[in-house]
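The values are calculated or read from the model by the stated rules, or taken from the named source; none is laboratory data. Remember, it's a predicted structure, so these values are computed and weren't measured experimentally. No Cβ is skipped: glycine too gets one built from the backbone with ideal geometry, and neighbour counts run over all protein chains shown.
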Amino acid sequence: MKSRACIRRLRGLIAAAVIFILAGCAGAGGEAAPGLAPILQGPRTPDDVATRFLDFWKAGDYPAMYALLSPQSQAEVSLPVFQTAYQDALAIINPTEITYALLSSRIQGASAEVFYNLNFVAPVFGTIPDNERTMRLVQSGSGWSIAWSTMDIINGMVAGSRVDLSSRRSLRAEIYDRNGSVLVEQGGTMIALYGAQQDMPDVNACLDLLARVLMRHRYDLEQYFGRFNAETLFYIGEIDAETDAAEGQIIRDTCGVSSTFDRQTRRYVGYGGAAQVTGYISFIPQDEAESYADRGYASGELVGRTGVEGEFEEFLAGAPEKVLRVISPANVVLRELAGRAGTDPLSVTLTIDRRLQIAAAQAVVDAYNYAYPSGNWGSPIHSPGAGAVVLDVKTGAIRALVSFPYFDPGLFNPDTPALAQYPTWIADLQSDARQPFTNRVTQQQYFPGSTFKIVTTAAAASEGVMTEPTFDCQIEWDGRERYGDSSSPRFDWRRFELPESPFSQPAGLISMSQALMASCNPFFYEMGARLFLRGPDVLTGYARQMGFGAATNVTVLPEVSGSLPPTASVEQGINEAIGQGGVQVTLIQQARMVAAIANGGTLYRPYLVERIGGENGTAPIFEGEPEAAGTIGLSDEALAVVREGMCGVVSNTDLGTASFVFTEAAYTVCGKTGTAQSGRVEPYGWFVAYAPADNPEIAIAAMVEFSREGSETAAPIIRRILDAYFQQPYAPFPEWWNTVEYIPLDIPANQTGG
């Protein structure tokens, strides 16, 4: 015991000697350590020492604080232990500021007391008062110093106690569609399926079935199955209770399921078919832990990361009840420092129509899986993905939005069996060259090809540049002499059709509307040149007026603005007239433009949220409303020309480039095909439309990357989505998708397909 006391006394003498030596060095012209310099200057009254100690605390200068401790206190606690005690407590309180006010002091011989109030200012609790504190000091040969204890950190914090932050968060709220159907459900049942390939009656049949039910590209499932030996029991996938009731038994029989595991979790309806809309939840990323802590989150909590889950995190999660306490070593609450009442989570209701959303997602994945086995455009070596979006033409409300390939949002929830067993799935998704996390509807911009001829027709009709009653649409067009077009001769897309194609012959004499129906390239070369002579930026001016070249300001979703560069030459003007050159657009811009043509000219801001809250008869805290962002500025006459042309694309069996796709449809459609150069042999296949023709309800745009002509790829997909919308039997996909290999298109540079 005597030896320990001697050691403590020796430590104190050494600390005092260090301060004395540093003071002497400073007095002799030397420089003291920066953190100690303020200590060695000025008066050393108890109030002064307390002020210095608290100021050093505010600055986070723990060595300087420690230097003010009495030799006995320093002998009892080392600097690392002293510093850790403060840092551990403050890590829980998480103050942004510490303020204090000295009240009074009292000296009794060689001891003193300084009475003061202190406040912690924290993001979660605001100001946390810690009043009626007492700092005790002792006097020695070197002056006044602090007789320190843990109660100098927090009043009442005895040795060995700790600061504790407890929270209670309610269950996360649901996300609903416009009709009240669940899109994302908290506590939904998911059923994990396990089996071995040797027990599957037909592995190929199992792959086909899972690709359809789980909305996965069959190619991806093939790669996944290939990781396992025939006898290996592995995680096949997961289905929800709805799917289990409808198809669970056939899945078990076809895929040889030998065991299942049920769990309650956050369920995303559609297996990722709405992932770009809903987003997902996951652990707080390490690099964002501090910002989430400022918002009251504890480490290890799950938060919304993208889409609606991320954008409306504060409503879906609610605010947890928080209590900040001092806990004794025996787990007894010594003090309650602060508390914050929680708030109930609020559901978010979207403009999405669940039935249409799932049908659109199913249409796209089914198209890829049908066009994959033969090596046609659905193979990943050709088309990496596609997008489709459906808008209400009267409001701008988004009824469906899909971006393929999909990803399962449930993979990011740490309770998923897939993540537990195969963490490489997340890494595989993140490194996938097909970019499944990119929203192709709003985050990617593409050459529009012949769909842009809608804009060119509107500009030509408005500017009156077609002075003759008809135009002779032949296979070749030459603008060298009249316009100085160095890229002439240019050709109609019909030149590159197979001889047996109904579109292999020239369209002949046509009106302006018929030029749009037939997608006659020579007509639009001519109009592009004439519009350029009218003014270099006349055409792009109409494009801007019709919503291109700027973001639509769609709610929630990340977005790019497309591209409409200044037109510098007649060649560029001609290229832009057919949707090539520097013109690039997004799918949501295309759908909004078509909606404006259908509704009489109003460009609505696309929106996704119908309301927040409003359950059980309570008033919602937010309600989405249609918001007109402007008009496309076309006269009734110009609109009539464009509408006639778009309706003829589908209904005119002689000229319409998509008429064969909608044969025997029980509804009317007006649209436009597009086949745009992509920088590869495979073009972008477009189709945009509104329906029904006479009293339009929805506008739709779809684009299939690196595929074939829009009439061959995007149009059949939209046919299936419209079949679902009008609740009609599905028309079959083109048989050749599934029976022949990919045949490249031979379209020269700066030209376009139909």
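With the structure loaded, tell me whether residue 623 is closer than 21 Å to residue 557 by Cβ, surrounded by fewer than 24 Cβ atoms within 10 Å (Cβ to Cβ) and either without any contact (Cβ under 8 Å) to a residue 12 or more places away in the chain or of a type in the set (D, E, K, R) (or both) or whether it fails that test.
Judged against the criteria, residue 623 is a match.
I'd like the residue in region 144-160 that is over 13 Å from residue 77 (Cβ atoms) and touching a helix residue (DSSP H, G or I) at 6+ places or on another chain (Cβ under 8 Å) and, out of all such residues, is surrounded by the most Cβ atoms within 10 Å (Cβ to Cβ).
So, considering only residues that are over 13 Å from residue 77 (Cβ atoms) and touching a helix residue (DSSP H, G or I) at 6+ places or on another chain (Cβ under 8 Å), the one surrounded by the most Cβ atoms within 10 Å (Cβ to Cβ) is 145.
Could we say that residue 482 is assigned to a helix (DSSP H, G or I), over 44 Å from the mean Cα position of the chain (by Cα) and more than 16 Å from residue 751 (Cα to Cα) here?
When the stated conditions are applied, residue 482 passes them.
Of these, 504, 519, which one is in contact (Cβ under 8 Å) with a residue 60 or more places away in the chain, within 22 Å of residue 647 (Cα to Cα) and not aliphatic (A, V, I, L, M)?
Exactly one of 504, 519 is in contact (Cβ under 8 Å) with a residue 60 or more places away in the chain, within 22 Å of residue 647 (Cα to Cα) and not aliphatic (A, V, I, L, M), namely 519.
Let's see how each residue does on (1) of a type in the set (A, V, I, L, M, F, W, C); (2) free of Cβ contacts under 8 Å to residues at least 24 places away in the same chain; (3) over 24 Å from residue 360 (Cβ atoms); (4) exposed (fewer than 15 other Cβ atoms within 10 Å of the Cβ):
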| residue | (1), (2), (3), (4) |
| --- | --- |
| 201 | no, no, yes, yes |
| 210 | yes, no, no, no |
| 225 | yes, no, yes, no |
| 240 | no, no, no, no |
| 244 | no, no, no, no |
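Out of (1) assigned to a loop (DSSP other than H, G, I, E, B); (2) out of contact with any Asp or Glu (no Cβ under 8 Å at 6 or more places or on another chain), the odd one out for residue 403 is which?
(1)
I need every pair where a residue in region 697-710 that is buried (at least 24 other Cβ atoms within 10 Å of the Cβ) and of a type in the set (Ser, Thr, Tyr) has its Cβ under 6 Å from the Cβ of a residue that is in a strand (DSSP E or B) and modelled with pLDDT of 95 or more, sequence separation at least 6 or different chains.
Pairs found: 707/685.
Of all residues in region 665-681, count the ones that are modelled with pLDDT under 95 and either of a type in the set (D, E, K, R) or farther than 24 Å from residue 581 by Cβ (or both).
Within region 665-681, residues that are modelled with pLDDT under 95 and either of a type in the set (D, E, K, R) or farther than 24 Å from residue 581 by Cβ (or both) number 1.
Among the residues of region 258-268, are any among the β-branched types (Val, Ile, Thr) and in contact (Cβ under 8 Å) with a residue 24 or more places away in the chain?
Yes, some residue in region 258-268 is among the β-branched types (Val, Ile, Thr) and in contact (Cβ under 8 Å) with a residue 24 or more places away in the chain.
Restricting to region 294-310, what's the tally of residues that are surrounded by 19 or more Cβ atoms within 10 Å (Cβ to Cβ) and not β-branched (Val, Ile, Thr)?
6
Can you report the number of residues in region 528-550 which are surrounded by 16 or more Cβ atoms within 10 Å (Cβ to Cβ), among the aliphatic types (A, V, I, L, M) and farther than 14 Å from residue 483 by Cα?
Residues in region 528-550 being surrounded by 16 or more Cβ atoms within 10 Å (Cβ to Cβ), among the aliphatic types (A, V, I, L, M) and farther than 14 Å from residue 483 by Cα: 4 in total.
Give just the number: which of (1) in a helix (DSSP H, G or I); (2) surrounded by fewer than 20 Cβ atoms within 10 Å (Cβ to Cβ) does residue 525 not satisfy?
Of the numbered conditions (1) in a helix (DSSP H, G or I); (2) surrounded by fewer than 20 Cβ atoms within 10 Å (Cβ to Cβ), the odd one out for residue 525 is (2).
Going through 648, 656, 671 one at a time, which residue ends up being closer than 20 Å to residue 390 by Cα, of a type outside the set (A, V, I, L, M, F, W, C) and surrounded by 20 or more Cβ atoms within 10 Å (Cβ to Cβ)?
The match here is 671.
Scanning region 91-119 for residues that are part of a helix (DSSP H, G or I) and touching a residue at least 12 places away in the same chain (Cβ under 8 Å), which turns out surrounded by the most Cβ atoms within 10 Å (Cβ to Cβ)?
For region 91-119, the residue satisfying everything is 93.
Conditions tested, residue by residue: (1) touching a Leu at 6+ places or on another chain (Cβ under 9 Å); (2) among the aliphatic types (A, V, I, L, M).
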residue: 635; (1), (2): no, no
residue: 669; (1), (2): yes, yes
residue: 676; (1), (2): no, yes
residue: 681; (1), (2): yes, yes
residue: 687; (1), (2): no, no
residue: 693; (1), (2): no, yes
residue: 700; (1), (2): yes, yes
residue: 713; (1), (2): no, no
residue: 716; (1), (2): no, no
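Return the pair list, or none, for Cβ contacts closer than 9 Å from residues in region 554-577 that are farther than 23 Å from residue 527 by Cα to residues that are among the acidic types (Asp, Glu), at least 6 apart or on different chains.
Cβ pairs passing all conditions: 555/311; 556/311; 557/311.
Residue 265 fails exactly one of the following numbered conditions: (1) within 24 Å of the chain's Cα centre (by Cα); (2) surrounded by fewer than 17 Cβ atoms within 10 Å (Cβ to Cβ); (3) among the β-branched types (Val, Ile, Thr). What is the number of that condition?
(2)
Determine, yes or no, whether residue 219 is out of contact with any Lys or Arg (no Cβ under 9 Å at 6 or more places or on another chain), surrounded by 19 or more Cβ atoms within 10 Å (Cβ to Cβ) and in a helix (DSSP H, G or I).
When the stated conditions are applied, residue 219 passes them.
Residues that are under 28 Å from the mean Cα position of the chain (by Cα), hydrophobic (A, V, I, L, M, F, W, C) and closer than 28 Å to residue 535 by Cβ: which helices (runs of 4 or more DSSP H) entirely in region 548-665 hold 1 or more of them?
Fully inside region 548-665 and qualifying: 587-599.
Which condition does residue 79 not pass, out of (1) surrounded by fewer than 19 Cβ atoms within 10 Å (Cβ to Cβ); (2) among the aliphatic types (A, V, I, L, M); (3) modelled with pLDDT under 80, if it passes all the others?
Only one criterion is unmet by residue 79, namely (3).
Within the bounds of region 122-133, is there any residue that is hydroxyl-bearing (Ser, Thr, Tyr) and either touching a Leu at 6+ places or on another chain (Cβ under 6 Å) or touching a residue at least 60 places away in the same chain (Cβ under 8 Å) (or both)?
Looking for residues that are hydroxyl-bearing (Ser, Thr, Tyr) and either touching a Leu at 6+ places or on another chain (Cβ under 6 Å) or touching a residue at least 60 places away in the same chain (Cβ under 8 Å) (or both), one finds none in region 122-133, hence no.
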